[in-house]
Amino acid sequence: MSNRLSVAVIGAGPVGLALAKAVSDAGHQLLAIATTDPARAEQVNAVLPGVRIVPVVDAMQGADLVIFAIPGSEIAKLVTGLTKTDSFTRGQLLAHTSPEYGFEVFDEALSSGIVPMAIHPAMKFTGFSSIDRARLNESYIAVDSPKSVLPVVQTLAIELGGEPVHVPSEARAKYAEAVSVASTFTSLIVGQAINLLEEAEIDKARNLLAGILRSSLEESLRTAVTEIDPADLLDGDLE
């Protein structure tokens, strides 16, 4: 993306904070971050000192790109309210970070002349800015937009540090489910393994598991075994 953009980020949770930092690192102008949470405002001040922390409507004013880093279930309602109050600017780029939706979540605002996009980093955010920023540089980013705008959102994903993968609206439900399954089962299995080692009073349980988990994950990805009953994994029946 050759032109530098003025950017507003809606939401100062782990995703919003990491993307705000990535936008700034990419050379774009971070205009403001919108949040009403005092604790998150403090985090913004710590990671991005001097950045304006303002309400949503104020954050959007003058922004070429607005990134909605909020839960997917909240986006449509917010877009409806902003559309009714004529808060969007014609030509403004709108992007959200939810895995569940493509760019259609912005349909109600199309009459305002906005350009809709979706950018979901396929990674687990920790809330620690330095860790999340580093992981973003190693991640894939699911993107979606109207066909004519796809090169723009792909370039944005690259500038954020990730590698873009097009995930269209019709594939979003399965994509979101895959992300959820991978995240949930990883947490469950790791937690169970740690409990077993701690019950056995084995020192450095987490460190001990790290090598096993990394090698197991790499081998699972390499062999692409797709038809495993999760119960078998928990029962230890597979070799």
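Brief remarks follow.
- Test result for L150, free of Cβ contacts under 8 Å to residues at least 24 places away in the same chain and under 19 Å from the mean Cα position of the chain (by Cα): yes
- T80 vs. criteria farther than 25 Å from L136 by Cα and modelled with pLDDT under 95: no
- Against the numbered list (1) in a loop (DSSP other than H, G, I, E, B); (2) closer than 23 Å to R135 by Cβ; (3) of a type outside the set (A, V, I, L, M, F, W, C), R4 comes up short only at (2).
So that you can scan it fast, the table gives a plain yes or no per residue for (1) surrounded by fewer than 19 Cβ atoms within 10 Å (Cβ to Cβ); (2) acidic (D, E):
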site: S98; (1), (2): no, no
site: F103; (1), (2): no, no
site: D107; (1), (2): yes, yes
site: I114; (1), (2): no, no
site: I119; (1), (2): no, no
site: A122; (1), (2): yes, no
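- Any hit, region 74-83, residues being among the β-branched types (V, I, T), touching a helix residue (DSSP H, G or I) at 6+ places or on another chain (Cβ under 8 Å) and surrounded by fewer than 19 Cβ atoms within 10 Å (Cβ to Cβ): yes
- Of the residues making up region 85-117, those that are assigned to a strand (DSSP E or B) and in contact (Cβ under 8 Å) with a residue 40 or more places away in the chain are L93, A95.
- The combined condition, being in contact with a Pro (Cβ under 9 Å, 6 or more places away or on another chain), at negative phi, in the same structural domain as K147 (by TED's automatic domain parsing) and modelled with pLDDT under 95, is fulfilled by T36.
The values are calculated or read from the model by the stated rules, or taken from the named source; none is laboratory data. Quick caveat, the model's predicted, so the values are computed rather than measured. Cβ: placed from backbone, ideal geometry, glycine included. Neighbour counts: every protein chain shown.
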